[in-house]
Each structure stands twice: as C-alpha cells, then as structure tokens.
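For reference, the structure is listed below as structure tokens.
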Amino acid sequence: MLYQDVVRFLYRKVWDPDRAHDLAQETFVRCLRQEPDNPRALVFTVAANLARDESRTVLRRKKHLTLIKVESEQTRPSPADEAERSEQQASVQAALGQLNDRDREVLLLWDAGLSYDDIASQTGLAIGAIGTTLARARRRLVEAHDELQGQKHAAR
C-alpha cells in the first residue's frame with residue numbers, strides 16, 4: 001500500500017508514470033539504508049527530494065535543448081564567422097587538453113547537464129567536493145585558454 005501511495009505522490013510531482021515508478025524504487029532503496037523513528041515520513045521526504053532533483057534535471061535538459069535548437073535555427077554563418085568559430089573551438093579544445101583528467105572529466109560531465117550527485121558517482125569524488133573541483137577546473141581552463149591566446153598573439 002505504501003508503495004502505491006509513493007508512486008501516486010511522485011506522479012503528481014513528475015507527471016510521468018514510468019518515471020514515478022523508477023523514483024519510487026529509488027526512494028525505497030535509499031530508505032533501506034536507514035532506521036528512522038517514523039519510516040513513512042522518511043519515505044515521503046526522500047521521495048520529495050528525488051522529485052525535486054528530477055525537476056531540476058528536466059529543467060536543465062530543457063534549457064540545454066532549447067539552446068541547441070536556437071543555435072541550429074540560426075542562419076548559416078559567413079565563411080569568416082565559421083573560420084572564427086572553428087578557431088575558437090580549437091582553442092578551447094587545446095585548453096581542455098592542458099587540464100588534468102579529473103578536471104576535464106568534471107567539466108565535461110557538468111556541461112553535459114549531470115547533477116553533482118551524478119558527477120560524484122561517475123568520478124568517485126565526494127559530493128561535497130564537486131563544487132570546489134568545478135570552480136578550480138573552470139579557473140584552470142580560463143588560465144590555460146588565456147595562456148594559449150597570449151602565446152598565439154605573441155607569435156603573430
């Protein structure tokens with residue numbers, strides 16, 4: 001009975017019956033690790049948190065897809081714009097290449113829209129370390145890019 005209540009609760013949060021069942025299963029898996037005083041309250045708290053995380057993920061994906069759609073709908077760039085874009089892309093790839101594997105992986109996973117929890121499970125880092133690692137990786141990327149740009153301008 002509790003399972004159906006949780007599924008119904010989650011369905012009202014995510015409006016997708018399959019996703020509601022998946023989140024309900026995840027809820028019970030997470031609750032198995034704990035011995036609460038009030039199990040029903042714990043189950044619904046975990047379910048609400050999972051639904052909130054799901055909503056954030058969906059919004060982030062929609063924004064990402066909207067940006068991709070807007071970019072693809074734009075008119076064809078001029079050859080000069082295309083050359084500049086290719087040059088910028090190569091510059092960013094070269095800067096990414098100068099980062100260590102961990103920084104590069106964290107940046108690319110974050111850019112792909114993964115949550116901190118997903119990044120932590122993918123990389124083996126602690127969830128609390130993801131924000132700091134991302135901030136440092138971004139700073140290192142900017143520094144590497146600026147250094148490459150300085151070298152390029154000095155060579156001209």
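Couple of notes before you dig in:
- Of all residues making up the range 90-130, the number that are free of Cβ contacts under 8 Å to residues at least 60 places away in the same chain and outside any helix (DSSP H, G or I): 9
- Criterion: part of a loop (DSSP other than H, G, I, E, B), at pLDDT below 85, of a type in the set (Lys, Arg) and more than 20 Å from Val142 (Cα to Cα) - qualifying residue of Arg33, Arg56, Arg61: Arg33
The values are calculated or read from the model by the stated rules, or taken from the named source; none is laboratory data. Everything numeric in this text was worked out from a predicted model, so none of it was measured. A quick note on method: Cβ atoms are made from the backbone with ideal geometry, for glycine too, and the neighbour counts reach across all protein chains shown.
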